[in-house]
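The values are calculated or read from the model by the stated rules, or taken from the named source; none is laboratory data. Note that this is a predicted model, so its numbers are computed, not measured. Here Cβ is always computed from backbone atoms with ideal geometry, including for glycine, and neighbour counts include all displayed protein chains.
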Amino acid sequence: MRERYCKPARGMVLTPALEGTLPMSKFKSGRHFLQTPGPTNVPERVLRAMNRNPVNHRGPDFGALGIDVIAKLRGVFQTQTATIGIFPASGTGAWEAALVNTLAPGDRILISRTGQFSHLWEQMAVRLGLDVVSLETDWRRGADPAAIGQVLRDDREHKIKAVCAVHSETSTSCMTDIAAVRQAIDDAGHPALLMVDAISSLGCADYRHDTWQVDVTIAGSQKGLMVPPGLSFTAIGDKALAASRSGGSRRGYWDWEPLVASNKTGFFPYTPAVNLLFALNEALDMLTEETLPAVFARHERYAGATRLAAAAWGLDLQCQDPRAYAPGVTAIRTPDGHSADALRAIILDKFDMSLGNGLGRLDDRVFRIGHMGDLGVLSFTGTLTGVEMGLRAAGIPHKPGGVQAAMDYLAAPGD
Ligand code: PLP
């Protein structure tokens, strides 16, 4: 644990040995504010649900739990029929599973490089021997469906086997319009699979696997789903399943086929992360009780309030397209010459709050406020208060009043 020091309180009588700085208690009073865009805060109910002995994952009762969570996950993915894969893995594992099940080395894919996560997915594809066509953006907006459509129309021989898109680019806080990407693929009359990373949008934004005819949707436990890190989820449509049955790459652990049986029995072909499944079951119940429309509206409200705060502070948002603002995270740029990492370090040290850092080319240029998952209005305004105090403590040029702007918005009559 970090060694921490504090100044003696005013009026405190010090013995000569205590002159100067005092070692500070390693215990910090109050709750740490975990406001990263994943992992997110885990609700008490979920913590209690997982705080028990594991059970025999091949015992008579386990299948019911498996079937239950798979059915509830279908609800969050908004799919009736997709096969649901749950791997004990982070989201990156599900990325790999999607690629190796549907594509073979040499197959071509199209990906829009909208930020660090699409860039990493692309790099993984290259390492797996895929032929990647990437559409570069300035990392300040979502993918351009028209550009995707053009590449697909130019691909007369249908060499492109899959279009990959990141719904919510957590590194930039920009969304890609997946319905528009679907439309672009259909308008081009192209048979490519549509594979979507919904890792930081599932449970935060209205995500429609069936309506948008997505072939593969990938998600993780540690964001909108309010569960600790360690589980990845994949919704697999019939077309993607057929592609995996007729081809793909060599694979073992990541093979989707056993998932089909698993969806029927609720048992897994390996030792599942039993306690994380207890947690997931509880978290999915909480989302159902709040109702998905209310969950999405809550995320939109916090995102809107965060943007009002940023505007009042006079700071730029990383996302420049108002149609693409993400509901679960907001990346804010520090003025030129001012380190976003130093700001985050001061906020952590003085106010005990963790914020997301700038990733890849945004390293030290942005700080990211996570407002996804389990977050009440007072914890949320507390988060903005920590940021405003941090801006002042770090000497970052800004105007006061961001928290006030957010409070005015959140307390407005009728809301
Ligand atoms: N994709 C997105 C959009 C993400 O936000 C993340 C992680 O934050 C990942 C992929 C990688 O997921 P994981 O870190 O769970 O492997």
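Okay, here's what the table says:
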| quantity | calculated |
| --- | --- |
| Complete set of residues in region 22-74 that are of a type in the set (A, V, I, L, M, F, W, C) and without any contact (Cβ under 8 Å) to a residue 60 or more places away in the chain | Leu22, Met24, Phe27, Ala71 |
| Residue, nearest to the ligand (Cβ to nearest atom), within region 26-58, restricted to residues that are among the small types (Gly, Ala, Ser) and modelled with pLDDT of 95 or more | Gly38 |
| Among (1) surrounded by fewer than 24 Cβ atoms within 10 Å (Cβ to Cβ); (2) without any contact (Cβ under 8 Å) to a residue 40 or more places away in the chain; (3) under 19 Å from the mean Cα position of the chain (by Cα), the one test that Ala143 misses | (1) |
| Test: residue in region 241-251 that is among the aliphatic types (A, V, I, L, M) and either within 16 Å of the ligand (Cβ to nearest atom) or farther than 22 Å from Leu130 by Cβ (or both) | no |
| Thr137, sole failed condition from (1) over 19 Å from Thr217 (Cα atoms); (2) more than 16 Å from the ligand (Cβ to nearest atom) | (2) |
| Inter-residue pairs, beta-carbon under 8 Å, first in contact (Cβ under 8 Å) with a residue 12 or more places away in the chain and in region 213-230, second acidic (Asp, Glu) and more than 8 Å from the ligand (Cβ to nearest atom), 6+ apart | Met226/Asp374 |
| Cβ-Cβ under 6 Å pairs, at least 6 apart or on other chains, region 194-212 side more than 8 Å from the ligand (Cβ to nearest atom), far side charged (D, E, K, R) and in a loop (DSSP other than H, G, I, E, B) | Leu194/Asp215 |
| Selection status of Ile86, touching a residue at least 24 places away in the same chain (Cβ under 8 Å), within 14 Å of the ligand (Cβ to nearest atom), in the same structural domain as His119 (by TED's automatic domain parsing) and touching a strand residue (DSSP E or B) at 6+ places or on another chain (Cβ under 8 Å) | yes |
| Meets criteria (part of a helix (DSSP H, G or I) and buried (at least 16 other Cβ atoms within 10 Å of the Cβ)) for Leu65 | yes |
